[in-house]
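Below is one structure, written out as structure tokens; comments come after it.
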């Protein structure tokens, strides 16, 4: 009975307290317990990424596998591909609008809920429930809400605007001329995901001690100044987390586009192109190249965040 | 005193803003619900916002007829996937939080990366692999996929939860002669119920709402409900009112879980942001 379970919080692997010692029987058991997960991840994550990379460097463009080496051909083809250019533009517009809207609305809702109004729990649940729903459901519902028909066939939100006398707001939604159609897909995406930023910010606000607010008030700061100069600066790390989490969701956005756009190329994004070209077009080489490019984009965002999170945790 | 009266004056404005926002979030639900409850005769795109004259279940009945086998597929997929995932996550979390293994931090970070990757970067080999195993097109194959790609998040939630279990408790168990399994069985596991609820809900929701894996790994007999709903929505023959009713039916299981256990759902959500 030599090994003692590591104390919570002292998980540093370089701790000198226990010099290299042969693992005890229990420790071997511990290793055996996590081994299947490690092997599964090694195969399904890292092995498959390597395999995809290999496919992306091949000439495989038909039903039958062809692993003959093609160098960067697939990537160079993508660089000249008009559809992929649309995808990148769409992802850019979508990501910027989605992030700014989610952050702004999330913060707004969190501050509202932070006022300790009656019915707070109910409202919080209402702002958050879309997160429990599939993007496909959201897409189906919003496709009918964003019906672009006009005149006697007017319907959806356009009809509501008309009935409320808000005719100038009537528009073509996601069927607006490129490149702005994609901007309207941000609406259902924000409907679904802004509750997440609200929850993050509200958690942050609630973690700030009341003494701090009281101190600001004693110093003569009004409500607005307290938020502007005391509370919001303290929420900056939360904004960073939110940007990274929402950013990587946005770069991978797929189901929502599939459900709303129904094959409309003007609303295409890399994830949808990858799926179509691989599984409908059998263009495995190109699909793999898109997958790898998506992975690189996401990794640029996520890897520093993971390193930072693990490090700050080790310092606790 | 002045601050307090100013606060009182702004209250109605705050309530107004909050109700306005709530309307935005509830609007799609309102449309789904009233459309679903209309009779076929009343369904008219130009009267989308009008309340139904009575309560009819024709739309739901028709949508259910089309989606029922797939709802059933979803359940056969999601329940085992959530159960297996939570067992694996619990054991991994126990090891990574309470047992000292060399390089465990590095290994854990490498596991975590798996939860952020775009699945487009692994899906081609995944399909080929599942085909070779003879699992493509089966629910079993899809369960396996959700379990494997769920390892990261489930281990993370349990690990963070167990970090809050004091080491002294485990050491006391050790004094009584408990080993790895004894400590897990009699000390750690009985404390884990809240974490199990969080993980079960999380995996249930994730697997149920998934579309990408389902659409490439299952066939028309084994489609879960998300794929079936998307096909229903893409069909030219199926009326929009039936699509709306189908969307609401599809949303119902996860929505019910959220309404009943929302607090735990929120915790899973926060864990996804690496926020314990």
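The values are calculated or read from the model by the stated rules, or taken from the named source; none is laboratory data. Note that the coordinates shown come from a computational prediction; the quantities given were computed from them, not determined experimentally. No Cβ is skipped: glycine too gets one built from the backbone with ideal geometry, and neighbour counts run over all protein chains shown.
Just wondering, is there one or more residues in the stretch A:269-276 that are in a helix (DSSP H, G or I), facing chain B (nearest Cβ under 10 Å) and surrounded by fewer than 18 Cβ atoms within 10 Å (Cβ to Cβ)? Checked against the condition, which is being in a helix (DSSP H, G or I), facing chain B (nearest Cβ under 10 Å) and surrounded by fewer than 18 Cβ atoms within 10 Å (Cβ to Cβ), the stretch A:269-276 yields no hits at all. Applying the set (1) in contact with a helix residue (DSSP H, G or I) (Cβ under 8 Å, 6 or more places away or on another chain); (2) at pLDDT below 95; (3) farther than 22 Å from residue A:24 by Cβ to residue B:173 leaves exactly one unmet item: (3).
Quick check: anything in the stretch B:79-95 in a helix (DSSP H, G or I), facing chain A (nearest Cβ under 10 Å) and more than 30 Å from the chain's Cα centre (by Cα)? No, every residue in the stretch B:79-95 fails to be in a helix (DSSP H, G or I), facing chain A (nearest Cβ under 10 Å) and more than 30 Å from the chain's Cα centre (by Cα).
Residues checked against (1) within 30 Å of residue B:244 (Cα to Cα); (2) under 27 Å from the mean Cα position of the chain (by Cα):
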site	(1), (2)
A:162	yes, no
A:201	no, yes
A:214	no, no
A:253	yes, yes
A:258	yes, yes
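Checking the structure you have, find out if any residue of the stretch B:49-58 is part of a helix (DSSP H, G or I) and within 14 Å of another protein chain (Cβ to nearest Cβ). No, every residue in the stretch B:49-58 fails to be part of a helix (DSSP H, G or I) and within 14 Å of another protein chain (Cβ to nearest Cβ). Any residue that is more than 12 Å from chain B (Cβ to nearest Cβ), buried (at least 22 other Cβ atoms within 10 Å of the Cβ), touching a helix residue (DSSP H, G or I) at 6+ places or on another chain (Cβ under 6 Å) and farther than 24 Å from residue B:217 by Cα - is there at least one of those in the stretch A:229-241? For the stretch A:229-241, residues more than 12 Å from chain B (Cβ to nearest Cβ), buried (at least 22 other Cβ atoms within 10 Å of the Cβ), touching a helix residue (DSSP H, G or I) at 6+ places or on another chain (Cβ under 6 Å) and farther than 24 Å from residue B:217 by Cα: absent.
Residues of the stretch B:100-119 that are at the interface with another protein chain (Cβ under 7 Å from one of its Cβ atoms) and in contact (Cβ under 8 Å) with a residue 24 or more places away in the chain: B:111, B:112, B:113, B:114. With respect to (1) more than 12 Å from chain B (Cβ to nearest Cβ); (2) surrounded by fewer than 19 Cβ atoms within 10 Å (Cβ to Cβ); (3) more than 22 Å from residue A:277 (Cα to Cα), the lone exception for residue A:29 is condition (1). Scan the stretch A:110-140 for residues that are farther than 30 Å from residue B:226 by Cα, part of a helix (DSSP H, G or I) and at the interface with chain B (Cβ under 7 Å from one of its Cβ atoms) and jot them down. Residue satisfying the conditions is A:112 alone. Pairs meeting the criteria (first residue in the stretch A:148-168 and at positive phi, second residue buried (at least 18 other Cβ atoms within 10 Å of the Cβ), beta carbons under 8 Å, at least 6 apart or on different chains) are A:156/A:144; A:156/A:145; A:156/A:146; A:156/A:147; A:156/B:48. When B:73, B:59, B:105 are checked against the criterion of being under 23 Å from residue B:226 (Cβ atoms) and modelled with pLDDT under 90, B:59 stands alone in meeting it.
Of all residues in the stretch B:267-276 being assigned to a helix (DSSP H, G or I) and within 8 Å of chain A (Cβ to nearest Cβ), which is modelled with the lowest pLDDT? The extreme case among them is B:272.
For (1) within 8 Å of another protein chain (Cβ to nearest Cβ); (2) in contact (Cβ under 8 Å) with a residue 24 or more places away in the chain; (3) on the phi < 0 side of the Ramachandran plot, each residue gets a yes or a no:
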{"site": "B:202", "(1), (2), (3)": "no, yes, yes"}
{"site": "B:205", "(1), (2), (3)": "yes, yes, yes"}
{"site": "B:213", "(1), (2), (3)": "no, yes, yes"}
{"site": "B:226", "(1), (2), (3)": "yes, yes, yes"}
{"site": "B:240", "(1), (2), (3)": "yes, yes, yes"}
{"site": "B:249", "(1), (2), (3)": "no, yes, yes"}
{"site": "B:252", "(1), (2), (3)": "no, no, yes"}
{"site": "B:261", "(1), (2), (3)": "no, yes, yes"}
{"site": "B:265", "(1), (2), (3)": "yes, yes, yes"}
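For the stretch A:85-98, the count of residues that are crowded, with 18+ Cβ neighbours inside 10 Å, more than 9 Å from chain B (Cβ to nearest Cβ) and in a loop (DSSP other than H, G, I, E, B) is zero.
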